[in-house]
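Peer 1: This is the structure I have questions about; it appears just below.
The values are calculated or read from the model by the stated rules, or taken from the named source; none is laboratory data. As the structure is a computational prediction, the values presented were derived from the model and not from experiment. Note: accessible area is taken over every heavy atom of the protein model, side chains too, but ligands, DNA and RNA are not part of it. Shrake-Rupley method; radii C 1.70, N 1.55, O 1.52, S 1.80 Å.
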Amino acid sequence: MKAIVLALSLGGLLLAADPAGYHVMNKIPIGGAGGWDYVSIDSGARRMYVSHATHVVVVDLDANKIVGDIPDTAGVHGIAFAPKLNKGFVSAGRANQVVVFDLKTLKPIGQNIATGQNPDSILYDEHSNRLFTFNGRSKDSTVIDASNDTVVKTIPLGGKPEFSVTNGNGKVWVNIEDTHEIAEIDTGNLTVTKRYTLEGCEEPSGLAADLKHTRLFSVCANKVMAISDPSQGKVVATVPIGEHPDAAAFDSTRGLAFSSNGAGTLTVVQESGGKYSVAQTATTQPSARTMVLDPKTHKLYLPAGDRNAPDSFTILVVGK
C-alpha cells in the first residue's frame, strides 16, 4: 500500500504530513576511473561539485549535466564556497594543499595553500571569513583567511577530524573520529572551547546540524545516528541507521535528518515531541555512502559506482 502524502505550501514553506516516500528519481552519469568522497552544492549558482580522485566534476543541477571540471586536485576530499568572494576551495588530500578557484570560470586563483597532513573535510565560515581544513593525519585544523588565502593558525584537535558544520555565528563543530567526540571551535579566537563524548557512537564521520533547535546529527560506524545538544555537551538520542554510513544531512524546511549508508540505504529520521525515530529506510545503491542536500529542491545527491567497472560512476538523485 502506497503512503498518502499531504503537503501544504504556506508562504513558500513546504509542510509535509508524511516524511516517507524517498526514492531514487534519476541518475546523472559521470563516468571515469577513480574513487570519490564529498559532494557539495552551491545552491545559488545551481552547481554541484563532485570529488573524483584527482579532479572535481562540476554539474548543472537544473540540467543534470556536466558543465566543467577542476583538474589537479590530487586526493580530493571536499569542496567549499565563498560566493561573495567568488572563490571556491578544494582540499587536495594527497598534496596536503588547498586549491583555490574562481566560481564563475573554474580557473585556479593564485598558488595552492599548504595545510596540515591529509586535509579532508573543508568548511568556509562566512561569519569570520575564514576557511577551515580538517586534517586527518596531523589531527588538526588549518585556518585560512579567505580574503588573501594566507594561513592564520593551526588548531590542534587531539584526534582525527571528520566532517564539520558551522552555526554561522562564531562556532564550528567537528566530529573527532578516533575519540568519538565533538570538538567546538571559536571562529574568533581560534581555540577549541569545548569537547564532549558522543556516548554510544563509534567512529563518527558525517555531521549535520539543526541550528533552530541546536541539535547535531553524527553518523557512526556502529550503525547509529547520535543526536547531541552542543550547548549542553551531551547526546540526547540515538537511532539505528544502515551499515557503512559516511555522510549526514538535515532539511531544515521538512525537519528531517538523513544518513547515507554505503551498504545501499538512506535512513530518514524525524522528530516528534522531542523524540527521534526512523521514518523510512530507502534503497539506494551499494557504495552510495556520501551525499549532499539541495535546500532549494529538497533533493539528495549521492555518488555511487563500482570501482571495478569502468565508467560506472554516477550520481543518484533521491527525492519524493
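Peer 1: Could you compute Rg(Cα) / (2.2 N^0.38 Å) for the chain, with N its residue count?
Peer 2: Against the compact-globule rule of thumb, the ratio is 0.94.
Peer 1: For segment 182-320, please report how many Lys pairs fall under 23 Å Cα to Cα, leaving out neighbours fewer than 8 apart on the same chain.
Peer 2: Close lysine pairs found across segment 182-320: 11.
Peer 1: Give or take rounding to whole Å, what are the principal axis extents of the alpha carbon atoms in segment 187-320, in descending order?
Peer 2: Cα extents, longest axis first: 47, 31, 30 Å.
Peer 1: If you don't mind, another one. Quick one: accessible surface of residue 174, probe radius 1.4 Å, all protein chains present, in square angstrom to the nearest 10.
Peer 2: 0 Å²
Peer 1: Another question about this same structure. Mind listing the long-range amide H neighbours of residue 97? Cut-off is under 5 Å, sequence gap 5 or more, other chains count too, H placed in the peptide plane at 1.01 Å from N.
Peer 2: Answer set, sorted by chain and number: 92, 115.
Peer 1: Still on this structure: Which percent of the accessible area of the chain is formed by carbon and sulfur heavy atoms (probe 1.4 angstrom)?
Peer 2: Ligands and nucleic acids excluded, carbon and sulfur reach 50 percent.
Peer 1: Output wanted: per-residue J couplings in Hz (rounded whole) for segment 276-286, from phi through Karplus 6.51 cos²θ - 1.76 cosθ + 1.60, θ = phi - 60°, x for Gly and Pro.
Peer 2: Once rounded to whole Hz, the list reads 10, 8, 7, 8, 6, 10, 8, 7, 10, 7, x.
Peer 1: Considering amide H positions built from the backbone, and no H for Pro or chain starts, which residues 5 or more places from residue 284, or on another chain, come under 5 Å of its amide H?
Peer 2: The list, which skips near neighbours in sequence, is 265, 266.
Peer 1: Another one. Can you tell me which of 77, 213, 298 moves the most in a GNM of the chain? Springs connect C-alpha atoms under 10 Å apart.
Peer 2: In this elastic network of the chain, the residue with the biggest mean-square fluctuation among 77, 213, 298 is 213.
Peer 1: If every alpha-carbon in segment 24-152 counts as one equal scatterer, what log10 I(q)/I(0) does Debye give at q = 0.14 1/Å?
Peer 2: Normalising to I(0) and taking log10 leaves -0.56.
Peer 1: Take the alpha-carbon centre of segment 124-181, take the same for segment 255-320, and report the distance between them in whole Å.
Peer 2: Answer, in whole Å: 25.
Peer 1: Which of these, 117, 285, 232, has the largest mean-square fluctuation under a Gaussian network model of the chain (Cα springs below 10 Å)?
Peer 2: 232
Peer 1: Springs between alpha-carbon pairs under 10 angstrom, Gaussian network model over the chain: which of 85, 190, 106 fluctuates most?
Peer 2: 85
Peer 1: Starting from 0 in steps of 5 Å, tell me what percent of the Cα-Cα pairs of segment 152-222 lands in each bin.
Peer 2: 3, 18, 29, 27, 16, 6, 1, 0
Peer 1: In Å², and per residue, what accessible area does the chain have when probed at 1.4 Å with the other protein chains present?
Peer 2: Heavy-atom SASA per residue in the chain reads 42 Å².
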